[in-house]
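Report on the following structure.
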2 protein chains.
Amino acid sequence: MSSATPSIPDGDSPPLTREKSSMSYTYDNLTGWKSVRVLRIGRGMFHDVKRRLPYYWSDIRDAWTYRTIASIIRMYFVNMLPAIAYTLDMNRRTGQFYGINEALFSSALAAMVFSLLAAQPLTIVGITGLISLFNYTIYDIIIIYNPSIYPQFMCWVGIWGAIFHWIVALCNMCDYMRYVTDFSSEAFGFYVGTIYISKGIEELISEFTSRGPTAGYMSTMIAILYFLTIWALEGIGSSTIWRPGFRGLLADYAYVIATIFWVGFSHIPGPLKAADVTRVPISKAFYPTQPRSWVVPFWDLSAKWVFAALPFGFLIMLLFYYDHNVSSLTAQARQFPLKKPAGFHWDFFLLGCTTFISGVVGIPFPNGLVPQAPVHTDSLTVYETDVRVIPSEEGEGAEIRRPIVNATAVVEQRVSHFVMGLAIIGTMTGPLLIVLHTMPSAVFAGVFFIVGWGSIGSNGIMNKALHVLQEDRFIQRAEPLMKVRNRKILLWIACQLIGVAACVAISETIAAIGFPVLIIALIPFRVWIIPKWFSQDEISVLDDMTADNEAVLSSLGGAPRFPGEGREVREHGLERRYSEQKRGVSRQRAGSIHR
Amino acid sequence: MSSATPSIPDGDSPPLTREKSSMSYTYDNLTGWKSVRVLRIGRGMFHDVKRRLPYYWSDIRDAWTYRTIASIIRMYFVNMLPAIAYTLDMNRRTGQFYGINEALFSSALAAMVFSLLAAQPLTIVGITGLISLFNYTIYDIIIIYNPSIYPQFMCWVGIWGAIFHWIVALCNMCDYMRYVTDFSSEAFGFYVGTIYISKGIEELISEFTSRGPTAGYMSTMIAILYFLTIWALEGIGSSTIWRPGFRGLLADYAYVIATIFWVGFSHIPGPLKAADVTRVPISKAFYPTQPRSWVVPFWDLSAKWVFAALPFGFLIMLLFYYDHNVSSLTAQARQFPLKKPAGFHWDFFLLGCTTFISGVVGIPFPNGLVPQAPVHTDSLTVYETDVRVIPSEEGEGAEIRRPIVNATAVVEQRVSHFVMGLAIIGTMTGPLLIVLHTMPSAVFAGVFFIVGWGSIGSNGIMNKALHVLQEDRFIQRAEPLMKVRNRKILLWIACQLIGVAACVAISETIAAIGFPVLIIALIPFRVWIIPKWFSQDEISVLDDMTADNEAVLSSLGGAPRFPGEGREVREHGLERRYSEQKRGVSRQRAGSIHR
């Protein structure tokens, strides 16, 4: 994609060639039981470690650049703000079992484990909206029977979940992630964005009901202005105003600037201070929110309930299988010029471990963050905005000038993830908890809006819908979507939106715990049903591999083989390649699953 | 500008050729006392009527198109909403002397007189923010002495103002408007926009102080959302989404849609209704707000005060000289393919008459609306968005497609202005006054924001500032501003902004009545000082004639002659011509003095 030489020294790490990476873990030339992936226990994990370990030292040595600092600050905000926001929601809806201390503990644990041990340290792991949804739906089910067993029950969900994680990791089943295409990952991103925005609205409604109309309207005002502030700052970042360095700073620290400003604003004495909005509820530092010890007495649960937790553990695994691995895929998408290889099996095993620990100590289960994971890689990427001069014959002078963004290198390391984890541990101490307590929940509603819109506004579904709505004569003739009839494009996004609508609808009911099944079901639907409705040419324009990076496929046992298609799956993604050719790569400011 | 043939039939009106229009009123070949404009009493007015009268029948006959209907609805909202908004402010600050009934009477009077009798029926006349500022500043002065004489004093201000108007009109002094360039009219637009936005903020602050924080925050929320609604709808109107007809509808009726929606929203039972925001205060239909008869007893004022009103009357004339005539200039700017000639002297005489009547009956003096006047012409213009295909050699296919907007014709008539006036008279009746009473003042704050931003966001000062901030390599090489050093551009906009800042500063003090002097002073500043600081080449890029339409100059005695320049003042406006060549004309959605 970029022809420039990366400016970050590669040190003396082993050179990664395409041959080597695709050869080290493959089933291509195997026959008999050796070609059956699930029977080759631990083969994927072994190769993941073998492939990645030689880079460990360079993961530390390569980190000493300014981009690492910018990344730490940006990710601290982008990770913590939604995590706290979800915790506010979860806290209300799980009888105050999960509080800020639990959320911080969980985020810190995940950051420590994954920054130190993961094969993919770029994937930021933390608390997502879906785990919050999952936890309070289980609470809604449990209180029908006996609210007091909720901690132990959740603990067993974690234990079973961990076991299923380990099975999946050992049996190399992450390999099937290579069949994930933008068909399902765009739908997932759209679903997550919808949940974010509706959570933001719920947060504001809760201000009205718990604090009265003055606090409600003030919170709504702050949430809207917070959204607009970040939107404007990131807009300036992608413009051609000011020097690249300065506008980059504005965009890098958009969350920092907006959060500090609007938190301060909410404390201005007078009507603002008097509105008495909800602020982040905190409790004693390092102690659980509830009066309990950190270890949940999981042995105090009757066998009936222990086994009742088993299907829930399976659903957790199913959710994380999709959510965590898609996070890793988007954090290592092809637009980022990555040089270090991936390791899905090993990381999924680690995720089982954090799920186990989280269950035992009674904290929310962390997993890879959609849509924030690619923001981490983005924050570490060295972008260069070049000018493209297009000779033109018509009256506007002799040329047209247009900016084109190139990603020249990524500072691939694990220090930013680790230091961000340390910052979270710092936040767990008393003085910083008090700083947290100054934050109005209105700011979190604003975070929900901006992150949610980041996931929807630039989503492929949205782009295709805009293409269909566009007046025909203004569409560039070279646009690949011109090759597909509008009727077929509409059918495509209708299939995606039905999936989104089903997930959103189920999320509002007690059946919400079943949503991972729906999401996972989109993968076989894409593999088996879609080719019956769309021609190969149409699919090659409309769809793209989510796992499209050479370094990624090396961990998934090579490129996928779709039924009815030849080996040439790389023909997918015409649309994306057209856009990249025209404008360069698109940045991942607020986080978006669409690349 | 447009090569297309206008689609509106021209009927059998006398054909207007450039020769004829520039010959009918000129001082070019005259010598002796005959060449002294002020001595040729009534010459301009006579030629205005003689030139325009033959088109009167076609002004009615040409009106029967859909554009006229769209124009009536749009202008009713764009005229009335700010008028009511200013009246809310004026009402509070003039001891409730001016109320809604006075504002409606004034707007209706102006619409009737100017739609039926004006030579320039496109210029919408009504209540502006500056007259509101003027009226309450006089109130601030008068209450120092004797508040009870305010009505009579304002009446005499109107009578003296009218006399000065008639003198100016009879002595052909509107001719000097041809020296107005974008240097001063941009500064004026920026000043007006600043006043609008600060009035919007004052409106919201007044909600906090008079109704408490709940009403205050809710009003702020509605004002922001109202702004965003119109901004988005007008954005869609200028995009290439949907069919041209549909997106045109959204933009045409943006104010209607947003106003109906947000007024309705403020009435939703529950916390919204309970917030009890300020709504438009109304009184008995057709009666003055104060218990008085419509005729102000102007004979009940001591001679001392009658003569004290004289300088204020002069300042009113000075304000209207600039404000009204600039309205007419922008409503008849070159970008509109107008065919019917202008008539500045006659209209200024009429303005004297409405000022006289307004004084006697005790209503605010109406005058030409900046920035709404060009919106009227815009609403009557038939735009065609064409596609321009630019052959390009580089990889993006063989071409680049870009929309280009052409104005093909203007439905020049007086029916839209007249029917809008009838609609205002209708609003004066009891039942419709009650509808008016449902409107929260928050909506008016939103109107202030969107109209104010319309005047600032697209202002030439803003464009030049953005050009300076732009990173050099992304600026198209054909851009005329590239020929001027950034230092000189900054000096230019600094001169403009110092003028704006002086006006804004004075507006906040009791010296506010003097601001017309400052605005008028920008014209000689431009004529005498600016050429000393800027070369002829620089001026030709940075400045442009505001009176640039052939049909307009015919009423102003021909093109101006700047000191130190040849006859070739048409060399001005390189910047605007470059932009038009590239994107076509820019539309006047929310109103802006910058063309």
**OP:** Mind listing just one residue for me: the one in segment A:263-288 that is charged (D, E, K, R) and assigned to a loop (DSSP other than H, G, I, E, B) and, of those, modelled with the highest pLDDT?
**Re:** A:284
Original post:
Looking at (1) in contact with a helix residue (DSSP H, G or I) (Cβ under 9 Å, 6 or more places away or on another chain); (2) more than 9 Å from chain B (Cβ to nearest Cβ); (3) in a helix (DSSP H, G or I), can you tell me which one residue A:260 breaks?
Top reply: (1)
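Rundown of residues vs (1) within 30 Å of residue B:217 (Cα to Cα); (2) within 14 Å of chain B (Cβ to nearest Cβ); (3) part of a helix (DSSP H, G or I), yes/no style:
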site: A:216; (1), (2), (3): yes, yes, yes
site: A:219; (1), (2), (3): yes, yes, yes
site: A:228; (1), (2), (3): yes, yes, yes
site: A:236; (1), (2), (3): yes, yes, yes
site: A:245; (1), (2), (3): no, yes, yes
site: A:294; (1), (2), (3): no, no, no
site: A:298; (1), (2), (3): no, no, no
site: A:307; (1), (2), (3): no, no, yes
site: A:310; (1), (2), (3): no, no, yes
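Yes/no per residue for (1) of a type outside the set (Gly, Ala, Ser); (2) away from every other protein chain (no Cβ under 14 Å); (3) surrounded by fewer than 23 Cβ atoms within 10 Å (Cβ to Cβ); (4) over 30 Å from residue A:27 (Cα atoms):
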| position | (1), (2), (3), (4) |
| --- | --- |
| A:162 | no, yes, no, no |
| A:165 | yes, yes, no, no |
| A:172 | yes, yes, no, no |
| A:179 | yes, yes, yes, no |
| A:188 | yes, yes, no, no |
| A:205 | yes, no, yes, yes |
| A:208 | yes, no, yes, yes |
Original post:
Pairs under 6 Å by beta carbon, first residue more than 14 Å from residue A:160 (Cα to Cα) in segment A:293-308, partner among the small types (Gly, Ala, Ser), six or more apart or different chains?
Top reply: A:296/A:362
Original post:
Out of segment B:27-55, which residues are surrounded by 14 or more Cβ atoms within 10 Å (Cβ to Cβ) and of a type in the set (Ser, Thr, Tyr)?
Top reply: B:27, B:55
**OP:** Can you work out which of the residues in segment A:394-426 that are of a type in the set (A, V, I, L, M, F, W, C), within 30 Å of residue B:575 (Cβ to Cβ) and part of a strand (DSSP E or B) is modelled with the lowest pLDDT?
**Re:** A:400
Subject >> Residues of segment B:106-130 that turn out to be surrounded by fewer than 24 Cβ atoms within 10 Å (Cβ to Cβ) and not small (Gly, Ala, Ser), as a count >> reply: 5
Original post:
Here are B:511, B:478: which of them is loosely packed, with under 15 Cβ neighbours inside 10 Å and either part of a helix (DSSP H, G or I) or touching a residue at least 12 places away in the same chain (Cβ under 8 Å) (or both)?
Top reply: B:511
Subject >> Any pair with Cβ under 6 angstrom, 6 or more apart, that starts in segment B:58-74 at a residue that is more than 15 Å from residue B:420 (Cβ to Cβ) and ends at one that is not small (Gly, Ala, Ser) >> reply: B:62/B:413; B:65/B:411
Original post:
Filtering segment B:355-375 down to residues that are out of contact with any His (no Cβ under 9 Å at 6 or more places or on another chain) and surrounded by fewer than 24 Cβ atoms within 10 Å (Cβ to Cβ), which residue is nearest to residue B:113 (Cα to Cα)?
Top reply: B:357
**OP:** Can you work out which of the residues in segment A:463-487 that are under 30 Å from residue A:319 (Cα atoms) and more than 12 Å from every other protein chain (Cβ to nearest Cβ) is nearest to the chain's Cα centre (by Cα)?
**Re:** A:463
Subject >> Hey, residue A:439 in contact with a Lys or Arg (Cβ under 7 Å, 6 or more places away or on another chain) and surrounded by fewer than 23 Cβ atoms within 10 Å (Cβ to Cβ) or not >> reply: yes
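Conditions (1) farther than 30 Å from residue A:576 by Cα; (2) more than 21 Å from the chain's Cα centre (by Cα); (3) not small (Gly, Ala, Ser), marked per residue:
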site	(1), (2), (3)
A:110	yes, no, no
A:119	no, no, no
A:124	no, no, yes
A:145	yes, yes, yes
A:148	yes, yes, no
A:186	no, no, yes
A:189	no, no, no
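The values are calculated or read from the model by the stated rules, or taken from the named source; none is laboratory data. Everything quoted here is computed from the prediction, not taken from an experiment. A quick note on method: Cβ atoms are made from the backbone with ideal geometry, for glycine too, and the neighbour counts reach across all protein chains shown.
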